[in-house]
1. Of the conditions (1) outside any loop (DSSP other than H, G, I, E, B); (2) surrounded by fewer than 14 Cβ atoms within 10 Å (Cβ to Cβ); (3) among the aliphatic types (A, V, I, L, M), residue 30 satisfies every one except a single condition; which number is it?
2. If you take the residues of region 33-60 that are among the polar types (S, T, N, Q) and surrounded by 13 or more Cβ atoms within 10 Å (Cβ to Cβ), which of them is nearest to the chain's Cα centre (by Cα)?
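The numbers here are math on the coordinates, done by the rules we state, and not lab data. Predicted model, so just to flag it, every value in this text is computed and none were measured. Quick reminder, even Gly has a Cβ in these numbers, built from the backbone with ideal geometry, and neighbours come from all protein chains shown.
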Amino acid sequence: MVVKQVNATISIKTHKKHSYKLQGPGINHANQVWSTDIIYIGVAGGIAYMITIINWHSKVVLPHKTSNTMDSQLVMSENY
């Protein structure tokens, strides 16, 4: 199996950059701010991908899902 190497640290100049919107308001209760993160995990023979949803108030990783392919099913699935 051939796995394409991913370099997530190089930005694409044509992509729009968004400013940090949470600088002013305080996060003072649960379910006020959530975020997502995609983590690349090096494993024997390639890369595994893990997507997480994080509650910023409690710093708890809520659901997470792993896959050996990064496709729309990984991030769009409602089955967490």
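1. Failed condition: (1).
2. Residue satisfying both the conditions and the ranking: 52.
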